[in-house]
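See structure below.
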Amino acid sequence: MNIKKSIVLRVRIAFIILSIFALAVIFKIGHIQFVQGEYWDKVSNDYAYKFLDVKATRGSIYSDNGSLLATSLPFYKVAMDPTIPSAKLLNKQNLDSLSYQLSNFFKDKSPSRYKQMIQSAREEGDKYIVFGGRTVNYLEKRKIMNWPIFRKGRMKGGLIFEKKEERFRPFNNLGYRTIGYINEEEKGVVGLEYSFNNFLKGRDGKAWYQKISGGKLRPVYDESDIKTEDGLDIQTSIDINLQDVTETALHKALDYHQAEYGTAVVMEVATGEIKAISNLGRTSSGKYFEKYNYAIGRQGVTEPGSTFKLATMMALLEETNISLNDSIETGNGTYKFYNSTVRDHHAGGYGMLSIQDAFEKSSNIAMAKLVDQHFGVDPGKFLSYIDDLKMSGPIGFQLYGEGVPKIVRPSDTEWSGITLPWMSYGYGLEMTPMHTLMLYNAVANNGKMIKPILVKSVRKAEKELERYDTEVLNNQICSEPTLRKLKIMLEGVVERGTANNIKNSYYKIAGKTGTAQILKNGRYTKTYVTSFVGYFPASKPKYSAIILIKDPKGHYQYGASVAAPVFKEIADNIYSRDIELHQSISEKYRAEKGVFPVIRAGKKDELMLICNELGISNHTQTEQSWVKTAVSGNSVKWKELEMKGKALPDLIGLTLRDAIYLLEQQGWKVRYSGLGRVVSQSVPSGTQVEKGKTIHLNLG
Amino acid sequence: MLEKLKISFKQNLKGDPVIWILVLLLSFISILVVYSATGTLAYKYMKNPENYLINHTLLLFLGLGAMWLTHNVNFKYFSRISRILLLLSVPLLMYTFLKGATLNEASRWIIIPIINKSFQPSDLASLALITSLASMLSKRQQNIQDFKSALIPMLIWCGVICGLIALTNLSSALLLFLTCMLIMFIGRVPVKYLAMLVLVGALAGVTALQLGVRKGTAISRWENFKESLSDPTQLGFQAFNSRIAIANGKIFGKGPGQSIQRNMLPHPYSDFVFAIIIEEYGMLGGIVVVGLYLILLYRGMRAVYQSEQPFGGLLSAGLSFAIVFQALVNMGVVVGLGPVTGLPLPLVSMGGTSILFTGIALGMIQSITRADSYGGQSVQSKVTTKTATA
């Protein structure tokens, strides 16, 4: 046979082979359609698959030092596909043991009941049974994963965990309204949860589920599932201790005065970071809780009252050449503009005052007269000062739903002859407490006005994805001399003016009281919004704060008596804890030099107690009870001290007492030499060590 | 007008007109089915379904363009080009495996820089190996019985390339290996040597499984297939849903765009596109597609009778077998004749480089048939005269 013929023959054989294959394909199609047809029709109804959404884990909200303010914790439904384990794995001993564990853990069925449940499901080919009437947390999940049969995992042991997220706020209602909360669809509705929802929510995935008997769904785990993308974390500027102090002080005052609502904001002068923000509103039952963000929200827009006199004073000092020692006649406490009367709070009036006194004593008449005199011709000029102070527009704060100031301008129809004098002492214009705080902070910050900031960064684990820096709104709100004068007067308010009830000898507070009558149905009533806004320590301002309490009942109705004490309480607390604020103490008063006690490792709750008692900032990253320490910024971070079965833990840094407890509990014996903490161990950590072995520890 | 068109086709589309028609028909079917099947994909990723349609159509045109370009190349050059590409594909395959291994996943793709398209080196290697094999076989026709000088190099190349592909993609390697056996059988390699080749293949396969990353997948897919033979409820998710699609289709199908299983079936537009064809166009549609591939095979292997030189015939037959064999394996998987493999249906499935390389292979077949229509000798003389004048 020649070559070509042979090749032709062979290629034909090959063609016939493939043709047979092709026929087999067609035959198989026929087989599926006609022989098995009914079966597949039935199955396609019974085993419907569904492509369902899988929720992504929502990101966490952190405080300034990394403490959790809100996080999503996973909880798990425990289920099993009893048809998966091999007969060998599911032997009597393992099954008995597993049934006992289930019964002992969930305490809802007897071991024999569980055993029966698994066996009968396996016999009937039921691919999905759920255990216990509740979800389990992560720690419990880890425990369950070690049970017999289950420890072989999903593919071999048939163990199924289904994750569900629940939102958890470790500090309960602290800063509740600012941190915010989410609705049932896991969408943030207020606060940061709402404003930063896009970052926090992550991206939901999708996965295949199989419908099984009883309308239940079983995850398929197919490669075509769309993976979820977990939400990003948000780092706020909130200092959790300060927040606690602020909220406590405000709450106490509100309770005492039976006020309608109150808000308190503490801001760091140099950075504009909001360190604490508390908003408490009265409920119908007379209790207070975080009802609404009055500090920044629309409902929080009010007439500022006397605290606005700072802006007035600034405009006067900038525009004219009046000096603080110039005198002004305030008369008997009433003064008429057209047919309306301006009143001072002091009965009988202040008479003749210096301008500085007029501010410190908060004379309305003085302000009204001065402004009318200097800006009466051109009120637009006065308003342009307010515009420069960013008090006439929204701040652009990081929370949605910000309140917008209301301000009447000369071109408006509501403008009248008394608008300007009234405005001079904080009436006829409305703004949020945050606006006022921003102004005082600017004075404290040597004239540089910065935008308040609540969220510092958006991060994914340790990686910073977006950073929000301090934003300067106005680099210099007024001239140096004016600034100096304003500071003198603000200090004077506390030293000898309206707020001298909060004067103390340890550090100086500078600020201004405010008492504004509440306008109801177009009439000013005998109810007030009291406030105090200022900064401290006056010599070198570190924090500014505003306290605003609306409608206090009872005897006290003034900013000085209602709001200022709250300011002082917060300031006192910060001052006592913040070493940086203190003037340096001379060498001889200092504690003995030498070795300070250090924390290296130990039992977490004990160490936390000590640190909290001593005011050492600390935070935790582990649920374990035994921890090691790491330094993170100015604070101590607790890390898990790993203990896994027979593996020797890392004992370095533990006290002898703790080390002995840990080792002997595991059945190891301990010998030691030296004094102090463990500096080395005879067997390296992580080594598998049998019970009864001796471990030698060196202390030092 | 029609006459003009006909002439212009004749001038530009050389080679076997039947193959051109077959390719166009398959491409048309591909567009129809892929458009229907990507509905879920578009929904899943919130994209406009037309995006996939346009993308896929463009790729098909790219494939056809590659076919047209290749068919204009004189097939005598393929032998030399393929040898270079074969040498090149060894480091490429190694690189793909190592890169994938560091990422701890089965990465079969490398991204071509600048144009930023992913490309599967195994496609290139397959094409190069088949061409080289045809060339080696044709050169050794006189002493094909001689084991040492004739067969050893071929066996080594088959072993090396299939083994390297098996590191990341076992089913492709197996398919290529079987195709090589088929080509050698056609190329008159004695059957006893082919039996030996099976041994080499088994050895290379086992080694590649141990070294490679696909062992677990291969074993679980095989076990799944074995179990499903006795109990259909044990079928994997994909196979299970493809059976339902086939059963749903009946004889005439549900009609274009009416598939329900496309929503259930993962990758209905690639590996399991044949299930959607049957669901929408019925058993008849399935028979038509199978028939189209068989005709393609028949036309492709005709070169064996016509060409005087064994290289052209062997190459054309080899490439036709490679394409059609893959198609049949894909369809066999869909209907349940074998375990799940992950091989696309040539020309029909959505997916970039696969279509491109199929186009090149078809272009090569057309280049050979084009030369044959002049007669093998005349091409030879034409080439020599050209070189003489040049």
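The values are calculated or read from the model by the stated rules, or taken from the named source; none is laboratory data. The structure presented is a predicted model; accordingly, all values stated were derived computationally and were not measured. Glycine gets a Cβ as well: all are built from the backbone with ideal geometry, and neighbour counts include every protein chain shown. With ligands, DNA and RNA removed, areas are computed over all heavy atoms of the protein, side chains included. Shrake-Rupley method; radii C 1.70, N 1.55, O 1.52, S 1.80 Å.
Quick notes on this structure:
- Per residue of peptide A:13-20, the mean number of Cβ atoms on other chains within 10 Å of the residue Cβ is 5.
- Proximity of backbone amide H atoms, modeled 1.01 Å from N, is registered between A:Ala70 and A:Ile61 at under 5 Å, excluding neighbours fewer than 5 places apart on the same chain.
- Label-point separation in nm, B:Lys250 to B:Lys226, each point 7 Å along Cα→Cβ: 3.9 nm
- Over 22 Å (Cα to Cα) - which of A:Lys390/A:Lys487; A:Lys42/A:Lys163; A:Lys381/A:Lys520; A:Lys201/A:Lys460; A:Lys291/A:Lys456; A:Lys206/B:Lys254 fall in this group: A:Lys42/A:Lys163; A:Lys381/A:Lys520; A:Lys291/A:Lys456; A:Lys206/B:Lys254
- Calculated FRET efficiency for the pair A:Asp53/A:Lys644, C-beta based, R₀ 45 Å, to 0.05: 0.80
- Overall form of segment B:151-239 per C-alpha gyration tensor (a/c, 1.5; a/b vs b/c): prolate
- A cut-off of 5 Å between modelled amide H atoms, ignoring neighbours fewer than 5 places along the same chain, links A:Lys508 with A:Ala538, A:Ser539.
- Over the protein assembly as shown: Kirkwood hydrodynamic radius from C-alpha pairwise inverse distances, Å: 36.8 Å
- Magnitude of the charge dipole, chain B, Cβ model with Lys/Arg +1 and Asp/Glu -1, debye to 20: 800 debye
- Net length available on complete extension from A:Glu480 to A:Ser110 is 125.1 nm, with 0.36 nm assigned per residue and the Cα-Cα distance removed.
- Degrees between helix A:433-444 axis and first principal axis of chain A (Cα, 0 to 90, nearest 10): 70 degrees
- Phi angles of segment A:158-165 translate, via the Karplus equation with coefficients 6.51, -1.76, 1.60 and θ = phi - 60°, into HN-Hα couplings of x, 6, 10, 10, 10, 7, 9, 9 Hz per residue; Gly and Pro are given as x.
- FRET efficiency, A:Asp469 to A:Lys553 (Cβ-Cβ, R0 51 Å, nearest 0.05): 0.70
- Integer Hz, Karplus 6.51/-1.76/1.60 couplings in order for segment A:482-490, x for Gly and Pro: 4, 4, 4, 5, 4, 5, 4, 5, 5
- Derived from the Cα gyration tensor, the three semi-axes of the equivalent ellipsoid of segment A:443-525 are 33, 22, 16 Å, largest first.
- Per residue accessible area of chain A, 1.4 Å probe, in Å²: 48 Å²
- Sequence-distant contacts, meaning Cα pairs under 8 Å at least 6 residues apart, place the relative contact order of chain A at 10 percent.
- Of A:Lys115, A:Lys512, A:Lys540, A:Lys553, the order by accessible heavy-atom surface (1.4 Å probe, DNA, RNA and ligands excluded), from most exposed downward, is A:Lys540, A:Lys553, A:Lys115, A:Lys512.
- Under 17 Å from the A:Val377 label point (7 Å along Cα→beta-carbon), backbone N, segment A:293-325: A:316-322
- Evaluating 6.51 cos²θ - 1.76 cosθ + 1.60 at θ = phi - 60° for every residue in segment B:311-326, the Karplus couplings come out as 4, x, x, 5, 5, 4, 5, x, 5, 4, 4, 4, 5, 6, 4, 4 Hz, glycine and proline recorded as x.
- Seen through its C-alpha gyration tensor, with square-root eigenvalues sorted a ≥ b ≥ c, chain B comes out oblate because a/c lies at 1.5 or above while a/b is not bigger than b/c.
- Treating r as the C-beta distance of B:Leu211 and A:Ile3 and R0 as 30 Å, the FRET efficiency rounds to 0.15.
- Using a 1.4 angstrom probe on protein heavy atoms only, the contact between B and A buries about 4400 square angstrom of accessible area, both sides summed.
- When A:Leu95, B:Leu85 are compared by accessible area of protein heavy atoms, the largest-first order is B:Leu85, A:Leu95, using a 1.4 Å probe.
- Label-point gap, in nm, between A:Ile610 and B:Ser8 - each point 7 angstrom along Cα→Cβ: 9.1 nm
- Annotation: amide H of A:Ile695 within the under-5 Å range of A:Lys669, A:Val670, A:Arg671, sequence separation 5 or more or interchain, hydrogens built in the peptide plane.
- Under a model in which nothing but the beta-carbon of Lys, Arg (+1) and Asp, Glu (-1) is charged, the protein assembly as shown shows a dipole of about 4220 debye around its Cα centre.
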